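The values are calculated or read from the model by the stated rules, or taken from the named source; none is laboratory data. For clarity, every value in this text was computed on a predicted model and none was experimentally measured. Neighbour counts run over all protein chains shown; Cβ positions are idealised from the backbone, glycine included. The protein model used for the area step is the full one, side chains on, heavy atoms only, and it has no ligands, DNA or RNA in it. Shrake-Rupley method; radii C 1.70, N 1.55, O 1.52, S 1.80 Å.
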Amino acid sequence: MSRLRVAPERAPELVAAFRDRAHLVDNASGFLGLEVWQSDRDPGELIMVSHWSDRDSFKTYMKSDAHRFSHGRIDRVLKSDIKLQALEHLHTFTVVAR
């Protein structure tokens, strides 16, 4: 999980960047999905949550050319306005019921 902060007036640009992402991660081994959540109380607070089948797949992707390319597509001015408030590594859990 990446907790991101941007000025509220820049939030629509950040949301658009996520919606228009390159989708290169979609083909990464072990990738299950990506969600971006926006606070209903503070539009400048967003959380990006990626879901992976295992930790090693995540680590491999984070070191990949595809990851660097995806981040390189973000507008430089917008990128400089995004503040990473927290990078929260969650433990691995197994779904045991649905």
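Observations, loosely collected:
- The stretch 14-98: GluC sites (Glu not before Pro) in DSSP loop, at most 10 other beta carbons within 10 Å: 88
- Taking the 1.4 Å solvent-accessible surface of the chain as the whole, the part contributed by carbon and sulfur is 54%.
- Trypsin sites (Lys or Arg not before Pro) restricted to DSSP loop in the stretch 31-84 with at most 15 other C-beta within 10 Å: 41, 63, 73
- 1.4 Å probe accessible area per residue over the chain, in Å²: 73
- Of the trypsin sites (Lys or Arg not before Pro) in the stretch 10-40, those whose Cβ has at most 15 other Cβ within 10 Å and which sit in DSSP loop: 21
- In this simple spin-label model, placing a label point 7 Å from the Cα along the Cα-to-Cβ direction at both residue 98 and residue 13 gives a separation of 4.0 nm.
- Here the chain is treated with +1 on each Lys and Arg Cβ and -1 on each Asp and Glu Cβ, and its dipole about the Cα centre works out to around 220 debye.
- For the chain, the extents of the C-alpha atoms along the principal axes are 40, 31, 20 Å, listed from largest to smallest.
- Per-residue ³J(HN,Hα) for the stretch 40-46, Karplus 6.51 cos²θ - 1.76 cosθ + 1.60, θ = phi - 60°, Hz, x for Gly and Pro: 7, 9, 9, x, x, 9, 10
- Kyte-Doolittle mean at least 0.5 and Cα axial length at least 15 Å: DSSP H helices in the chain: none
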